[in-house]
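What follows is a single structure, written as structure tokens, with notes after it.
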Amino acid sequence: MQIRNIISLADITMEWWESLYAQCCEIIEHPADYTDACKGKVLATMFFEPSTRTSFSFQAAVQRLGGGTIGFSDPLGTSASKGETLADTTKVISQYSDTIVIRSPLEGSATAAAMYSDVPVINAGDGGHFHPTQTLADLATIAQKRGKIENLRIGLCGDLKYGRTVHSIVEAMSIFPGISFHLISPQELRMPDYILSQMRSRNQDFIESEDFVQTIPELDILYMTRIQRERFHSSAEYRRLRGIFILTNELLKQAKPDMLIMHPLPRYGEIDPQVDSDPRAAYFDQVRNGMFIRMALLLNLMHSPRQAPPPLLGNNEIKCENPACVSQTETYLLQLDSETSTKFCRYCDREL
């Protein structure tokens, strides 16, 4: 199975994942065999939002494969600050590169960019929507630590409303057997309804809870997330919710001896630094595995033939009302025609 763009993980198969993970393991075991695998290839990074791990991870990945990078990390230094559309920016940058990685605070930006790119597009985080390559790093870490991904109780804890990493995890986990979720959050930061609806449609097992302490003993994996200050409209609301769940060594006494502790990072007080020395802490392994899984992903994408995207179909009769949706600012974007009674935004997945 060949996937051209990595926008979300909705359409991945077990065969695709196993092939990608096998390639990742091969790179880890024999890195010298891949030093020229992408020689002469160029990765373009379009980062409209700050990033450390994801940006550095992609740069390290392509350089270890023998390729190069171009791009920006501050949109104020680009023509976007002059009013250039995302469509034109993407189309231009795709003329210089073999693959594009985009991060944006606007949901659906990667979907929109892929509609205008002549080369594969990878979503490196679109607002509070999805972050698929972080999830690939997470899956690689679980497979590495546990040997297989099945029959797991996974606790997703913290900001589930804006946490794009947890949205991607539940999406990807639908292909693995026996997975159940404990969705641990305050009511204000519970998992969005559109994600819950998708989970129900895929028959994924989940329980919503606000009780962090009582849930810990049941878990095979605890996936912590930070309360994301940049997603809040009210600083007072952020301050009230920050620090609501904090993982400490004392709490870990109640956990299973082989429970994995995961976090996409950066953290901001939700995991006590003393937990770092616990052998169950896997969040720095996630960082390194992220580089290797992205190397495997780039090997799959950077040699793809250049091809113009298909003609756009749709209309502007229906508008998405989500203020964080890319279609709010890129007003030329078309919504997809739908024959179903319920219509969803093709960019941010919210009901229209």
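Per residue, the average separation of C-alpha pairs within less than 8 Å and at least 6 apart gives the chain a relative contact order of 19 percent.
With all protein chains in place and ligands, DNA and RNA left out, the 1.4 Å accessible area ranks 121, 287 as 287, 121, largest first. Residues whose amide H falls under 5 Å from that of residue 281, counting only those 5 or more places apart or on a different chain, are 261, with hydrogens built in the peptide plane.
Test of understanding: what is the full-extension gain from residue 258 to residue 151, defined as 0.36 nm times their sequence separation minus their Cα-Cα distance?
Roughly 37.1 nm would be gained on extension.
Each residue of the stretch 249-260 was assigned a 3J(HN,Hα) from its phi angle through the Karplus curve 6.51 cos²θ - 1.76 cosθ + 1.60 (θ = phi - 60°); the sequence is 4, 5, 5, 5, 4, 8, 7, 4, x, 10, 5, 7 Hz, with glycine and proline shown as x. The Cβ shell under 13 Å around residue 263 holds other residues with a net charge of -3, Lys and Arg each +1, Asp and Glu each -1. For the stretch 133-147, putting each phi into the Karplus relation 6.51 cos²θ - 1.76 cosθ + 1.60 with θ = phi - 60° gives couplings of 6, 5, 5, 4, 5, 5, 4, 4, 5, 4, 4, 5, 7, 10, x Hz, in residue order, rounded to whole numbers and with x for Gly and Pro.
Backbone amide hydrogens, once placed in the peptide plane, bring residue 179 within less than 5 Å of 151, 152, excluding anything fewer than 5 places away on its chain.
Using the heavy atoms of the protein chains and a 1.4 angstrom probe, tell me the accessible area per residue for the chain in square angstrom.
44 Å²
Per DSSP H run of at least 4 residues, take -39500 (n - 2.57); add these up for the chain, divide by its residues and hand me the 222 nm value, nearest 500 deg cm²/dmol.
On the way: 11 runs with 112 residues, N = 352.
So the helix-based figure for the chain works out to -9500 deg cm²/dmol.
Multiplying each eigenvalue of the alpha-carbon gyration tensor of the stretch 146-200 by 5 and taking the square root yields semi-axes of 20, 12, 9 Å, largest first, rounded to whole angstroms.
Dimensions of the chain based on its C-alpha atoms, expressed as ranges along the principal axes with the largest first, amount to 55, 51, 38 Å. If you sort 190, 288 by accessible surface, 1.4 Å probe, largest first, the order is 288, 190.
The values are calculated or read from the model by the stated rules, or taken from the named source; none is laboratory data. Predicted model, so just to flag it, every value in this text is computed and none were measured. Reconstructed Cβ throughout: ideal geometry from the backbone, glycine too, with neighbour counts over all protein chains shown. For accessibility, only protein heavy atoms count, side chains too; no ligands or nucleic acids. Shrake-Rupley method; radii C 1.70, N 1.55, O 1.52, S 1.80 Å.
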